[in-house]
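Data first, discussion second: the structure below is written as structure tokens.
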Amino acid sequence: MRESEKDPGLYDFRPYRDRTKIEWPEGKTVAVWVSPNLEYYEIDPPANPQRKSWPRPHPDIVPYGHRDYANRIGHWRMAEVMEKHGFKGSVSLSVALCQHHPEVVAHANALDWEFFSHGIYNTRYSYGMDEAQERAIIEDSIKTVRDATGQTIKGWLAPALTHTPRTLDLIAEYGMTYTCDLYHDDQPGPVHVKDGRLISMPYSIEVNDHYGFFVYNMSPREYADTLIRQYERLAAEGEQSGTVMCIPLHSYLIGQPHRIGPFEEVLRHIAADGRAWITRSGDIADHFLANDYYDATAADAARYAKDAG
């Protein structure tokens, strides 16, 4: 096998059915967290040779204006229905929003939403960054969020889902406890890093509203039905071992007038069901670490490797 074809070793393999049982507070079977992406897109960002920010030449008003709907209208509409049904956001934050639209960040903070970093701008990509540049972005994220909200970020979602080979090691070195950048499981699990303990937090691509509306071309009701089916399955499987359901949102999409109603029906359904621990991503990570699931699930992988070997 060529070196480039080898498993990168970011995490161990653990079969789904043979894992240590995870128990959520109050006997809940599925931890449900909602992740609003509060973002800022530049209309004319610096060019990255590996990826264009906008499909047409500057100024590409259509996608810029579409996304700015989030901060002007969509966020407020989305937040209203989330609060109505008892859902606190875990915000994937473009931290430059703290300077560009501090009112949005202050509003989410006043609602007791959690913040984690989604980079500085969603139009600045990690491709080609050296270590000093990546450290500067992490340090900027920590300081900017702390100055704006009083919170110390616990987690990371790479800007525009772009990474370097060192990202996970660096965020663990800076004291973060979870990453949303692996998209590969329905339960938390350990990530291999040089220092510290880092958890892979389930963050869904499949039920992300961006994929639902832009990739799978779902109607609002089809997307809502997808979320309910996702919830029902994970809540049932969580009776054996606690699962996680993440609902990643972009309020320029879900906050549109024709989409918000079916989405509210989803929140109403989950809140009334009784099996959901409606929580925030940082609280899931804290519970996972405090109850020694990190070490137990790492032992699962070692046990499986021994049995398989």
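The values are calculated or read from the model by the stated rules, or taken from the named source; none is laboratory data. None of the values given here were measured: they were computed from a predicted structure. All Cβ positions, even for glycine, are placed from backbone atoms using ideal geometry, and neighbour counts span all protein chains on display. Each accessible area value is taken on the protein alone, full model and side chains, heavy atoms only, with ligands, DNA and RNA left out. Shrake-Rupley method; radii C 1.70, N 1.55, O 1.52, S 1.80 Å.
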As a percent rounded to 5, the proportion of antiparallel DSSP bridges among beta bridges in segment 25-308 is 15 percent
Quick calc, segment 71-184, dipole around Cα centre from Cβ unit charges on Lys, Arg (+) and Asp, Glu (-), nearest 20 debye, gives 320 debye
Quick calc, the chain, dipole around Cα centre from Cβ unit charges on Lys, Arg (+) and Asp, Glu (-), nearest 20 debye, gives 380 debye
Between the residues 69, 104, 119, the Cα farthest towards the positive end of the dipole of the chain, that dipole coming from +1 and -1 charges on the beta-carbon of Lys, Arg, Asp and Glu, is from 69
GNM on the chain, Cα springs under 10 Å; top mean-square fluctuation among 85, 58, 210 goes to 58
Heavy-atom accessible area per residue of segment 210-289, all protein chains kept, 1.4 Å probe, expressed in Å², is 39 Å²
What the 5 Å binned alpha carbon P(r) of segment 166-309 shows, as percent of pairs per bin from 0, is 2, 9, 16, 19, 18, 15, 11, 8, 3, 1, 0, 0
Quick shape check on segment 194-242: root eigenvalues a ≥ b ≥ c of the Cα gyration tensor, a/c under 1.5 is rounded, otherwise prolate if a/b tops b/c, else oblate, and it reads oblate
In debye to the nearest 20, the charge dipole size for segment 172-225, taken about the Cα centre with +1 at each Lys and Arg Cβ and -1 at each Asp and Glu Cβ, equals 140 debye
For residue 21, counting only aspartates and glutamates whose alpha-carbon sits under 14 Å away and dropping same-chain residues fewer than eight positions off, the answer is 186, 237, 239, 292, 295, 300
Cα-Cα longer than 30 Å, checked against 28/84; 88/194; 143/194; 52/143, kept in input order, equals 88/194
Inter-part gap, Cα centre of segment 1-79 to Cα centre of segment 185-227, in whole angstrom, is 8 Å
Using alpha carbon positions and the Kirkwood radius, the Rg to Rh ratio of segment 34-165 is 0.97
Summing -39500 (n - 2.57) over every DSSP H run of at least 4 residues in the chain and dividing by its residue count gives a helix-only mean residue ellipticity at 222 nm, to the nearest 500 deg cm²/dmol, of -12000 deg cm²/dmol
Carbon and sulfur atoms account, in whole percent of the 1.4 Å probe accessible area of segment 25-308, for 50 percent
Dipole check, the chain, charges on Cβ (K,R +1; D,E -1), about Cα centroid: among 8, 155, 85 the Cα furthest to the positive pole belongs to 85
Classified through the alpha carbon gyration tensor (a ≥ b ≥ c as square roots of its eigenvalues; rounded if a/c is under 1.5, else prolate when a/b is larger than b/c, else oblate), segment 137-212 comes out oblate
Hydrodynamic radius by Kirkwood for the chain, inverse mean 1/r across distinct Cα pairs, in Å, is 20.1 Å
